[in-house]
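The values are calculated or read from the model by the stated rules, or taken from the named source; none is laboratory data. For clarity, every value in this text was computed on a predicted model and none was experimentally measured. Reconstructed Cβ throughout: ideal geometry from the backbone, glycine too, with neighbour counts over all protein chains shown. We work out accessible area using only protein heavy atoms, side chains counted, and drop any ligands, DNA or RNA first. Shrake-Rupley method; radii C 1.70, N 1.55, O 1.52, S 1.80 Å.
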Amino acid sequence: MSSTDSHANPPSRRAAPLKRSGSPAQPHEKGAPTGLATAVPAHPTRFMSATRMAMLTLVTVASLRSLPAMAEYGLESVALFIIPAVLFLVPTALVAAELATGWKGGIYTWVREAFGNRWGFVAIWLQWIQNVVWYPMQLAFIAVCLTYVFGVNIGNNGFYVAAVIIVFYWASTLLSLAGKGLFAKVGSWSGIVGTIFPAVLLIVLGALWLTTGAPVQTDMHASAMLPPWTGIASIVLIVSNVLAYAGMEVNAVHAETMCDPGREFPRATALATVLILLVFILPTMAIAIAVPHSKLGLMDSVNLAFQEFFTHWHMAWATPLISLLIAAGAIASVIAWISGPSKGLLAAARTGLMPVALQKRNKEGVQSHILFAQAGIVTVLALLFVVIPNGDTAFATLIGMASALYLIMYMLMFAAAIRLRHTKPDVKRTYRTPAMNLVAGVGFVACAAAFVLSFIRPAGFTGISGVGYPLLVAVVVVVLGVPPLILYALRRPGWDVRTDEEKADDQAILVNPAPKD
């Protein structure tokens, strides 16, 4: 998600704030709706350039949280970043661009048009729920940053990490319930300051480290670029890179605002891919060259790198400051994200896909009951840091859970793109993916492979057995991923709480045919 963090996707993560998920077809009628393709609006008078699109994508996807996982590999991380970029990032961007310029509404609409309302609901649910799993990861990262701010060595204390996750998340939820929109704006800028600036600073400090002859903690020979094969578990953390690149489908909706999407969007994708790789690879190398291998961890390597740099140059006072900046950016991204992803789910839910109780909104119009539900899930997931004594292992487990959930959504998206190209060829797309079957097929296979890897415990992690890890990930994936199927089977006419005006607006959107090529 990258989640800026991508999730950062603001975060890497992960992931960018989700757009409104369009209006579902009548949920009380089984089967895929037909003839519901919607026209994309005419080109705006001001067009988005390829460079601006690339920068928008960079800010959305870039995330510091993803760097520590790869720092352990040193130069080997270059291949581990490039492989998922080619097999996942690029196919996602190209396929989502065609879907976005053919159908408004995002992942719900795309999958619904291909496979019916049931699977469209599953897709938007997965896009929402993986964000819920991302929150504890982002907040655990914040918890570790704060230990460097206050100079206390409690980053590996599970109770401390869990407490920070729970307190900060519930506080952020209460702020989001105010519904003023202020924190979303602050979060956008703070995400840039707390993510892009530290990443650039890491690159600069790493370059100075090399040029001044400081001790290098990783092998810098070209031969070290090929990751050694010591079994599947040795490269399982590549799954975290797939999660870091997630969210490309969100920015694809802007392809229709380009003057010539067919020519300019591929250029924007190529430029964005190069920039994202630079932002990921160069800071990762900066961490690897400065931090001894024995100290590297999933949660604190970024802070350790700054500590090594600043201590070496007698600027130890700067470590708490940069750690505070990173924590502030990450906190802002969480606040900005809390209400956003659930809006898409609410838009689908209001047509009768979820019980009325979960559709409740407060006087500010914020989907309060959904926010309380996701806060409850985050609270339970935070306890992983108490149950699993090794903080890095708990963090890796959350990565596996979030990745598995999100990857199912992406497989649905790639499959939908292939199906729609064949079943609805006359729907106008202002951008058409070249060799759709090949591009989407590569993306689908890459997601399927990463999905399998997400159930394998990464090498070197303790605190949970090699059998217990996949079982725990599988249980959470089933518990969090199956509810939309159950809700769809139990749906009732009374769950549709739209006003007559909203229904009319939805129908106007649904039946507006797209012009033929």
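Assorted remarks:
Yes/no matrix, rows are residues, columns are (1) at pLDDT 90 or above; (2) buried (at least 24 other Cβ atoms within 10 Å of the Cβ); (3) touching a strand residue (DSSP E or B) at 6+ places or on another chain (Cβ under 7 Å):
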| site | (1), (2), (3) |
| --- | --- |
| ALA100 | no, yes, no |
| GLY105 | no, yes, no |
| ARG112 | yes, yes, no |
| TYR135 | yes, yes, no |
| PHE141 | yes, yes, no |
| VAL149 | yes, no, no |
| ASN153 | no, no, no |
| PHE168 | yes, no, no |
| ALA178 | no, no, no |
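- Test: residue in segment 406-429 that is open to solvent by 80 Å² or more (accessible area, probe 1.4 Å), touching a helix residue (DSSP H, G or I) at 6+ places or on another chain (Cβ under 7 Å), under 30 Å from GLU98 (Cα atoms) and at pLDDT 90 or above: yes
- When VAL482, VAL467, VAL511, VAL452 are checked against the criterion of being open to solvent by 50 Å² or more (accessible area, probe 1.4 Å) and at pLDDT 95 or above, VAL482 stands alone in meeting it.
- Subset of segment 99-108 [outside any loop (DSSP other than H, G, I, E, B) and of a type in the set (A, V, I, L, M, F, W, C)]: LEU99, ALA100, ILE107
- Residue that is open to solvent by less than 10 Å² (accessible area, probe 1.4 Å) and more than 20 Å from LEU89 (Cα to Cα), where the choices are ALA255, ALA272, ALA288, ALA268: ALA288
- The set of residues from segment 48-98 being assigned to a loop (DSSP other than H, G, I, E, B) and either touching a strand residue (DSSP E or B) at 6+ places or on another chain (Cβ under 7 Å) or among the basic types (Lys, Arg) (or both) comprises ALA62, SER63, ARG65, SER66.
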